[in-house]
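No value in this document is a laboratory result; all are computed from the given coordinates. Computed from a predicted model, the values in this text were never measured in an experiment. Here the Cβ is made from the backbone with ideal geometry for all residues, glycine too, and neighbour counts use every protein chain on show.
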């Protein structure tokens, strides 16, 4: 896979065209699976890992009706390329930082990836734009069935699918939705929401999943329990609560427009202005400012910028993507300069006249 070429394209899930895409960035479902004939990764030796990688790679690539797929040998990648795949949401941080034989099979549109030798032998992931859990479930269920025709999964009639971590035993499923919730953060209602979600066994994580911080006001909401529940139950559990969160965020945005329009307009204008003129800027500050800009676009305060461009910038201003775009490894200071240059070039190119901010 040519990572430099890939850095010039965007994954399908970033297009911002799915249902409720102004608030829901993406919907994702992951399945954890293990082969019956091999020990779990935590007990597998180097030879086991190599054989698991070979078997799964050959069997998955042999699937005829799964669409165009590319295999990437993660073990042979440089650290920058591994981080690139993490930023792109195609592999996990744990997969990038692990050692030994491991790889990932990636679909052409980047909606599907299959990680080999992560925490489990196989992690199947489907990610789609907007609130699309039902479509994501149908897609991943079909892929899971196709893989299961090629291999024998570790399965218990009593417990369900057997996984390395006990919290995944049963369905092996994680259902998650990535939400952009800047208004709830501004109005200081976000902690109250988190406490409510924890009471119904839903987890809240950052942009890159477990252990990551909530950058750019993005939060992943996902199920915590897999045992004793069916897959459709888990999809419904997450799917039922998301519309309520969307409603809270919309009401918070309406409140800001109604009660604090000048401050909101100033916040959005300042963020957009800094991103278009900064000479050096960190990744963290970029994410924070882009959050305000994205909200401003959705509220009609910015009229010369499109959501797919903003979504792209959240990913493409991350360290590995930035270095791929510029064509070489950079230290922090140089990355900050190149990030500012990239933002100026892209955002000022998007300009369509005026100052870009709606004065109404």
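Some points to look at:
- Compared with the dominant principal axis of the Cα atoms in the chain, helix 283-298 is inclined by about 70°.
- Separation of alpha-carbon centers, region 25-41 and region 274-308, rounded to whole Å: 36
- FRET efficiency, residue 148 to residue 54 (Cβ-Cβ, R0 22 Å, nearest 0.05): 0.75
- Fewest neighbouring Cβ atoms within 10 Å first, the residues 205, 345 line up as 345, 205.
- Shape category assigned to region 67-135 from the gyration tensor of Cα positions, a/c cut at 1.5: prolate
- Here the relative contact order of region 229-316, from alpha carbon pairs under 8 Å that lie six or more residues apart, stands at 21 percent.
- Candidates 258, 174, 15: whichever shows maximal mean-square fluctuation once the chain is modelled as a Gaussian network with Cα springs under 10 Å: 258
- In the chain, Cα pairs under 8 Å separated by at least six residues give a relative contact order of 19 percent.
- When 329, 249, 99 are arranged by Cβ crowding within 10 Å, least crowded first, meaning fewest neighbours, the order is 99, 329, 249.
- Degrees separating the helix 261-277 axis from the principal Cα axis of the chain, which is the longest one: 70
- Acute angle (nearest 10 degrees) that the helix 307-316 long axis makes with the longest principal axis of the chain, alpha-carbon atoms: 60
- Listed from fewest to most Cβ neighbours within 10 Å, the set 288, 121, 265 follows the order 288, 265, 121.
- Residue-averaged [θ]222 nm for the chain, counting only DSSP H segments that reach four residues, each worth -39500 (n - 2.57): -14500 deg cm²/dmol
- Computed over the Cα atoms of the chain, pair by distinct pair, the Kirkwood hydrodynamic radius stands at 21.4 angstrom.
- Cα shape, region 149-302, gyration tensor, a/c 1.5 rule: prolate
- Prolate/oblate/rounded label for region 44-101 (Cα gyration tensor, a/c 1.5): oblate
- Per residue, the convex hull around the alpha carbon atoms of region 1-133 comes to 113 Å³.
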